[in-house]
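This report refers to the structure that appears directly beneath it.
The values are calculated or read from the model by the stated rules, or taken from the named source; none is laboratory data. Everything numeric in this text was worked out from a predicted model, so none of it was measured. Reconstructed Cβ throughout: ideal geometry from the backbone, glycine too, with neighbour counts over all protein chains shown.
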Amino acid sequence: MTASDHPVQRCILHVDMDAFYVSVELLRHPELRGQPVVVGGTGGRGVVAAASYEARRFGVYSAMPSSVARRLCPHAVFLPGDHERYAEVSREVFDVFREFSPLVEGISLDEGFLDVTGARRLLGDGVVIGHEVRARVLERVGLTCSVGVAPNKFLAKLGSESAKPKVGPDGIRPGVGVFEVEPGRELEFLHPLPVEALWGVGPSTLSKLQRLGVATVGDLAALGEDVIVGALGRANGRHLAQLARGEDVRRVEPDRAVKSVGHEETFASDLYERSDVWREIVRLSDGVASRLRRQGLGARTITLKIRFSTFETVSRSVTLPSAVFSAPAITAAVAPLLDTIDAGQGVRLVGVSGSGLGVPTEQLTLFEEADVVSPAAWNSASSALDDIRGRFGQAAIGPASAMRGGAVRPVRGGEQQWGPVEDASGGSP
C-alpha cells in the first residue's frame, strides 16, 4: 500500500459563539459589560434566550423561565431579544467561516462546523486554523468564539465545549479558546466524560443507563454494543455505542436547505376572542411571508399552531396546489384551519409556519373570489412592502387589521420563541 492509499485524516472544527445573543447586545450597550445581562422574553411568560457569564454565576441559563431568572438574579439587566439583528450578525460570522473553507455547515445562528481537511497545507493544522478563525471573527465582528478541533463532528462539538469560559464559585475562568481532541487520543478524552455528554442521552435514557451502573462514557463503552442495544433498543443502542467509541462518520454538509419558515409568539395574557387570535395570525402570516420573499421561496404547506392556557397544543395544516409567498395567500389558507379550533378556553401561543418550500408559484385559485385582488397585484404590493421595510425598518408598515393602538407591531423572533416582552406600562407589545 502506498502513502496515497491511506485515507486522509479528517480535520473538523466546531465553532460556537460565546453567549452570542448577549454579546451582540453588548456591542450596542458596551456600558453593560461586566454586568449580569439576560436576553429573551422579559414578560412573566418569557424564556431566557441567553445569559452573560456574570448572570450564569447566579444560576441563570438559557431556556429558563424569565420569572425564575429574575428571582435568581434580581439585579440583572433584562433585554428583549432581537432575532433580526442576531441573524444579521450571524451572516457576518459565517462569511468569515467561509474564508477558511467552502465546507461550512450552520447548526444555528451561533454555531457551525467547518471541514478544513483540505486547507491544512495552505493554512496550517487545525489548531492554527482555529486560532485564526477566532482572531478574524473578533477583528471583523467584535465577538469571541470557542473552537473544537477533532477528526469528526461529534468530538469537535465536545471540544468546543471544553474550550469555553467556565463559571464557578470563584468567578469566571477564561476558556482556552481552541481545544483539540488529538487523533489517536480520542478515547482518552472521551471516556472520562459523564455519559450525558453523548448526543441522545436525555433524562429517560440516562435513568436506564444509571440503573445499569453507567456514569461515564467509558462505563457505557465497557458494556459492549449488544448489552446497550438490549437495554435501549437497536437504533438508539447502536447510535450510543458508536459515540462511546468516538465514531462519527457524518460529513459536514454545506448549504443545508431550509425546510420551514415560521413565527410563533406567546402572549402576556391569554386570548379568548377569535378576532384577537385572528389579528395575531394576520401579523404572524405577514412575518412569514416577508421571510419567504427574502429567501426567494414559497411554501406549499401552511401550518397553524395553537397552545391553550392548559398548555395543550394543537396543529392544523393544509397543503396548497402551489407554493405561496404573500400574506393574503397565507392568511387565506389559515382561515379555515382556525375555524376548527375553539379559542374560548384561552389561547396562550399562536404560530404560523410554511414548509414544503420551493419556487414560488402563487396562483389565482388560492383566493376564494377571482375578482378580489390578483396575485400579480399582490406581488407588486409585496415588493413595495419589502422596499419600505428595507429602508425604514420592520415597524414602518404592516397589516391594518393587525395594528393595535394605531401602531404596527412587527413580528419578533423567527423560529426562536422567547415569550412576551413587557413594555413600559407593564403590558406586552
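One residue stands out in segment 181-202 among those that are farther than 21 Å from Val60 by Cα and free of Cβ contacts under 8 Å to residues at least 12 places away in the same chain: the one that is surrounded by the most Cβ atoms within 10 Å (Cβ to Cβ), namely Glu182.
For segment 68-86, indicate whether the set of residues that are in contact (Cβ under 8 Å) with a residue 12 or more places away in the chain, in a helix (DSSP H, G or I), exposed (fewer than 15 other Cβ atoms within 10 Å of the Cβ) and not hydrophobic (A, V, I, L, M, F, W, C) is non-empty. Scanning segment 68-86, I find at least one residue that is in contact (Cβ under 8 Å) with a residue 12 or more places away in the chain, in a helix (DSSP H, G or I), exposed (fewer than 15 other Cβ atoms within 10 Å of the Cβ) and not hydrophobic (A, V, I, L, M, F, W, C), so the answer is yes. Taking Gly126 as the residue in question, decide whether it is among the small types (Gly, Ala, Ser), crowded, with 18+ Cβ neighbours inside 10 Å, out of contact with any Ser or Thr (no Cβ under 7 Å at 6 or more places or on another chain) and more than 20 Å from Ala49 (Cβ to Cβ). Yes: the conditions hold for Gly126.
Within the bounds of segment 242-261, is there any residue that is assigned to a strand (DSSP E or B), crowded, with 16+ Cβ neighbours inside 10 Å and either modelled with pLDDT of 90 or more or not basic (Lys, Arg) (or both)? Yes, the conditions are met somewhere in segment 242-261. Among residues of segment 149-162 that are farther than 14 Å from Asp16 by Cβ, those with a beta-carbon under 7 Å from a residue that is among the basic types (Lys, Arg) at least six positions away or on a different chain give the pairs Pro151/Arg10; Asn152/Arg10.
Does at least one position in segment 77-95 carry a residue that is touching a Leu at 6+ places or on another chain (Cβ under 6 Å) and among the β-branched types (Val, Ile, Thr)? Yes, the conditions are met somewhere in segment 77-95. Look at segment 23-39: where a residue is assigned by TED's automatic domain parsing to the domain that holds Pro74 and surrounded by fewer than 16 Cβ atoms within 10 Å (Cβ to Cβ) and a partner is part of a helix (DSSP H, G or I) and not aliphatic (A, V, I, L, M), sitting 6+ places away or on another chain with Cβ atoms under 7 Å, you get Gly34/Glu54; Gln35/Glu54.
Inside segment 134-162, residues that are in a helix (DSSP H, G or I) and touching a helix residue (DSSP H, G or I) at 6+ places or on another chain (Cβ under 7 Å) make up a count of 7. Which one of these does Ala332 not meet: (1) assigned to a helix (DSSP H, G or I); (2) more than 19 Å from His263 (Cα to Cα); (3) modelled with pLDDT of 85 or more? Status for Ala332: all satisfied but (2). Restricting attention to segment 275-290, does a residue exist that is aromatic (Phe, Trp, Tyr) and either surrounded by fewer than 19 Cβ atoms within 10 Å (Cβ to Cβ) or touching a strand residue (DSSP E or B) at 6+ places or on another chain (Cβ under 7 Å) (or both)? Scanning segment 275-290, I find no residue that is aromatic (Phe, Trp, Tyr) and either surrounded by fewer than 19 Cβ atoms within 10 Å (Cβ to Cβ) or touching a strand residue (DSSP E or B) at 6+ places or on another chain (Cβ under 7 Å) (or both), so the answer is no. Of all the listed residues (Val178, Val167), the sole one being buried (at least 21 other Cβ atoms within 10 Å of the Cβ) and not aromatic (Phe, Trp, Tyr) is Val178.
From the list Arg45, Arg91, the lone residue that is in contact with a Pro (Cβ under 7 Å, 6 or more places away or on another chain) and either in a loop (DSSP other than H, G, I, E, B) or farther than 23 Å from Gly175 by Cα (or both) is Arg45. Checked against (1) free of Cβ contacts under 8 Å to residues at least 24 places away in the same chain; (2) not in a helix (DSSP H, G or I); (3) not aliphatic (A, V, I, L, M), Phe267 passes all but a single condition, namely (1). Of everything in segment 303-329 that is more than 24 Å from Ser290 (Cα to Cα) and either among the β-branched types (Val, Ile, Thr) or not in a strand (DSSP E or B) (or both), the residue that is modelled with the highest pLDDT is Val314. Here Ala244 clears all of (1) over 19 Å from Phe189 (Cα atoms); (2) of a type in the set (A, V, I, L, M, F, W, C); (3) within 27 Å of the chain's Cα centre (by Cα) except the condition numbered (1).
Before we move on, is Arg85 over 18 Å from the mean Cα position of the chain (by Cα) and in the same structural domain as Val22 (by TED's automatic domain parsing)? No; evaluated as a whole, the condition is false for this residue.
So if I check each of Val229, Val261, Val277, Val288, which one is out of contact with any Pro (no Cβ under 9 Å at 6 or more places or on another chain), closer than 30 Å to Ser101 by Cβ and β-branched (Val, Ile, Thr)? Criteria check complete, one pass: Val261.
For the condition outside the structural domain of Asp115 (by TED's automatic domain parsing), in contact (Cβ under 8 Å) with a residue 12 or more places away in the chain, surrounded by fewer than 13 Cβ atoms within 10 Å (Cβ to Cβ) and of a type in the set (A, V, I, L, M, F, W, C), Val214 does not qualify. Considering Val318, Val229, the condition of being β-branched (Val, Ile, Thr), surrounded by fewer than 19 Cβ atoms within 10 Å (Cβ to Cβ) and either assigned by TED's automatic domain parsing to the domain that holds Leu103 or under 30 Å from Lys208 (Cβ atoms) (or both) is satisfied by Val229 alone.
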